[in-house]
Amino acid sequence: MKRGYLERYEDISGVSGTGRVAELAISSDGRVAVFWPAPLDSVASYSDIEKVKKIHGHNGRTAIVILDEEAESHEHCVDCHDVGKYCVDHDNICLACMEHI
């Protein structure tokens, strides 16, 4: 099980705000639970991290940060999203755009 969080740079919906907006639990088979704090106070389940990124990434305005593995930033994300630094998973997949780098 890996832990992580959603780091939102811009809140286009006006609901969750900016900064660390939700916690993640990623199972060994890739399923993801997203825990939204109060006042949203909900838990959502997804089949994989790519679906979380597609639904909650808001075109690069939210990064997925994984805490339980070594992550590195890379310039690729700055070019494709025009937003700060993003993380790379252990398979060298950009967690912002899900491209292999």
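Numbers for the structure displayed
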read-out: Members of region 20-49 that are under 15 Å from Lys2 (Cα atoms) and in contact (Cβ under 8 Å) with a residue 24 or more places away in the chain; value: Ala22, Leu24, Ala25, Ile26, Ser27, Ser28, Val34, Ile49
read-out: So Val43, is it β-branched (Val, Ile, Thr) and crowded, with 19+ Cβ neighbours inside 10 Å; value: no
read-out: Which numbered condition Asp79 misses (of (1) modelled with pLDDT under 90; (2) not in a helix (DSSP H, G or I)); value: (2)
read-out: Extreme residue, farthest from Asp68 (Cα to Cα), among residues of region 1-53 that are in a strand (DSSP E or B) and among the small types (Gly, Ala, Ser); value: Ser42
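The values are calculated or read from the model by the stated rules, or taken from the named source; none is laboratory data. For clarity, every value in this text was computed on a predicted model and none was experimentally measured. Note that we place each Cβ from the backbone using ideal geometry, even for glycine, and neighbour counts take in every protein chain shown.
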